[in-house]
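Okay, so here's the structure we're looking at.
Readers should treat all values here as calculations from the given coordinates under stated rules, not as data from a laboratory. Worth saying up front: this structure is predicted, and the values here are computed from it rather than measured. All Cβ positions, even for glycine, are placed from backbone atoms using ideal geometry, and neighbour counts span all protein chains on display.
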Amino acid sequence: MASDSAKARIAVVGAGLMGHGIAQVFALAGHEVKITDSVVRNLDSVSSRIAANLRDLGEDAGAVERVSPCVDLTEAVRDADFVVEAVSENLAVKQKLFAELELRVRRDAILASNTSVIPITAIVQDLIRKERALGTHWWNPPFLVPLVEVIETQWTSPQAVARTMALHKAAGKMPAHVKKDVPGFIGNRLQHALWREAISLVERGICDARTVDDVVKASFGRRLAVLGPLENADQVGTDLTLAIHEVVLPAIESRPGPSPYLQALVADGKLGFKSGQGFQMWSAEDQAALRARVMRHLKAMRDR
Ligand SMILES: NC(=O)c1ccc[n+]([C@@H]2O[C@H](COP(=O)([O-])OP(=O)(O)OC[C@H]3O[C@@H](n4cnc5c(N)ncnc54)[C@H](O)[C@@H]3O)[C@@H](O)[C@H]2O)c1
């Protein structure tokens, strides 16, 4: 990359839910983007999916012209300044892909993984040049959720971190530097600490699933987008926070593994939206209404 905000050549590997959205963000920021996928059908539809998103968001429709689908991996990545992988969440698939990428990219290219939870260390440990590899964890949908966690491993160079932070900031994202490659990074550790207690409340018969969600949405959920937990702790006082923790922490869920209640749901085929029942029943109409509600909310947040 000539300079951090200059136009860069971006390659996205994997044109699924996340990959096409990541390509869209970089194209909207003015970068030239090549995108590839091992399933040609997914590549064929990528431009129309991006065009539909841009129309829906009222963004520059011409940005889709900066996204070039490439069937061939080498063609997609050989000129790239920055390569981001968004293929299936499978360690062996990602390790194999990174080994292939290393043989095909420029010496100074940065290699990033968008894995949700797999440690970056495990994905890149067999690379020859590990200092240019890191994680960039986007959130769905990539074009509406601002955060990108930039995860460094023990090998990542400070230059690779700095260039990646600058690239994402210039593209309108909010990069957050994760200084240690821990499972779940920052966002998913926080999110799943909450989900563990949410499931436990239902499992212990303290309330039903709908009540858990109603309580979150009608209370601290209202504030969360503008008031982080540690700002909140300072606001109420660290002394009060300590007093609350002395009473509450011994009582809340602390089992290390997944809840038996969750395991039973999965064993019974109650898989959520995809089977019509999970913690609650989900008709096709309920599912569509929830998806529409979330998109409306995220668009309204963007417009603020
Ligand atoms: N879906 C989310 O909310 C979300 C959020 C953050 C991160 N992620 C992570 O992003 C990655 C992609 O997730 P997704 O939801 O977009 O999945 P997806 O299934 O929608 O897309 C994955 C794409 O990768 C392609 N692919 C698989 N192996 C490939 C290979 N070797 N080479 C090229 N293409 C290949 C598939 O054909 C598919 O089009 C995963 O690691 C996932 O955990 C997902």
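Counting each pair of different Cα atoms once, what's the Kirkwood radius of region 8-135 in Å, rounded to one decimal?
Working: mean 1/r = 0.0688 Å⁻¹.
Over region 8-135, the inverse of the mean reciprocal pair distance is 14.5 Å.
For the chain, what is the percent of antiparallel DSSP beta bridges, rounded to the nearest 5?
Looking only at bridges with both residues in the chain, the antiparallel portion is about 20 percent.
Show which lysines lie in cross-link reach of LYS274 when reach means a straight Cα distance below 29 angstrom and same-chain residues fewer than eight apart are skipped.
In chain and number order, the partners are LYS94, LYS217, LYS299.
How much of the DSSP bridge set in region 12-158 is antiparallel, in percent, rounded to the nearest 5? Spell out each step's value before the answer.
On the way: 4 of 18 bridges.
Bridges in region 12-158 are about 20 percent antiparallel.
Pick from LEU227, LEU73, LEU262 the residue whose mean-square fluctuation is largest in a GNM of the chain, springs joining Cα atoms under 10 Å.
Comparing LEU227, LEU73, LEU262 in the GNM, the peak value goes to LEU227.
List the GluC sites (Glu not before Pro) in region 196-304 that DSSP assigns to loop (not H, G, I, E or B) and whose Cβ has at most 15 other Cβ atoms within 10 Å. Which are they? If you can, show how the numbers build up before the last one.
Details: sites: GLU197, GLU203, GLU231, GLU246, GLU253, GLU285; in loops: GLU253.
Here the sparse-neighbourhood loop sites are GLU253.
Of TRP155, TRP138, TRP195, how do they rank once you tally other Cβ atoms within 10 Å and put the fewest first? Please list the in-between numbers first.
Values: TRP155 18, TRP138 24, TRP195 14.
With the fewest neighbours first, TRP155, TRP138, TRP195 line up as TRP195, TRP155, TRP138.
What does the C-alpha gyration tensor say about the overall shape of region 1-69? Classify as rounded when a/c is under 1.5, otherwise prolate if a/b is larger than b/c, or oblate.
Numbers: a/c = 2.28, a/b = 1.22, b/c = 1.87.
Oblate, since a/c reaches 1.5 and b/c is not below a/b.
Collect residues whose amide H, placed 1.01 Å from N in the peptide plane, falls under 5 Å from the amide H of VAL178; neighbours closer than 5 in sequence don't count.
Counting only residues 5 or more places away or on other chains, the set is VAL150, ILE151, GLU152.
Take the eigenvalues of the Cα gyration tensor for region 198-304, scale each by 5, and report the square roots as semi-axes in whole Å, largest first.
Numbers: eigenvalues 165, 113, 20 Å².
Computed over region 198-304, the values are 29, 24, 10 Å.
Volume per residue, Å³, of the convex hull around the alpha-carbon atoms of region 85-239? Before the final figure, lay out each step's value.
Details: hull volume 24.5 nm³, N = 155.
Considering the Cα atoms of region 85-239, their hull volume per residue is 158 Å³.
For region 108-177, take the alpha-carbon Rg, divide it by the Kirkwood Rh, and send me Rg/Rh. Could the numbers behind the result be given before it?
Values: Rg = 11.6 Å, Rh = 12.1 Å.
Taking Rh as the inverse mean 1/r over Cα pairs, Rg/Rh reads 0.96.
Hey, can you rank 62-68, 32-38, 216-222, 177-183 by average C-beta count inside 10 Å, highest first?
Values: 62-68: 18.4, 32-38: 23.1, 216-222: 11.4, 177-183: 13.9.
By packing density, highest mean first, the sequence is 32-38, 62-68, 177-183, 216-222.
Is region 61-134 best put as rounded, prolate or oblate by its Cα gyration tensor, with a ≥ b ≥ c the root eigenvalues, rounded for a/c under 1.5, and otherwise prolate when a/b is larger than b/c, oblate when not? Write down the numbers at each step before the final one.
Details: a/c = 1.94, a/b = 1.46, b/c = 1.33.
Here region 61-134 falls in the prolate category.
Normalising by the residue count of region 125-265, find the relative contact order in percent from Cα pairs under 8 Å and 6+ residues apart.
Values: 112 pairs, mean separation 23.2, N = 141.
Worked out over region 125-265, it gives 16 percent.
Using a 10 Å cut-off on Cβ atoms, rank the peptides 19-25, 235-241 from the highest mean neighbour count down.
Details: 19-25: 26.6, 235-241: 10.7.
Result, highest mean first: 19-25, 235-241.
List the residues, sorted by chain then number, that are 5 or more residues from GLU85 or on another chain and whose placed amide H is less than 5 Å from its amide H.
Residues meeting the criterion, in which the H sits 1.01 Å from N, are VAL13, ALA112, SER113, ASN114.
Return, for the Cα atoms of the chain, the radius of gyration and Dmax in Å, separated by a comma.
Gyration radius and largest Cα-Cα distance of the chain: 21.0, 59 Å.
Please label the shape of region 151-222 as rounded, prolate or oblate, based on the square roots a ≥ b ≥ c of the eigenvalues of the alpha-carbon gyration tensor (a/c under 1.5 means rounded; beyond that, a/b larger than b/c means prolate, else oblate).
On the way: a/c = 6.17, a/b = 2.29, b/c = 2.70.
It is oblate, given that a/c is not under 1.5 and a/b is not larger than b/c.
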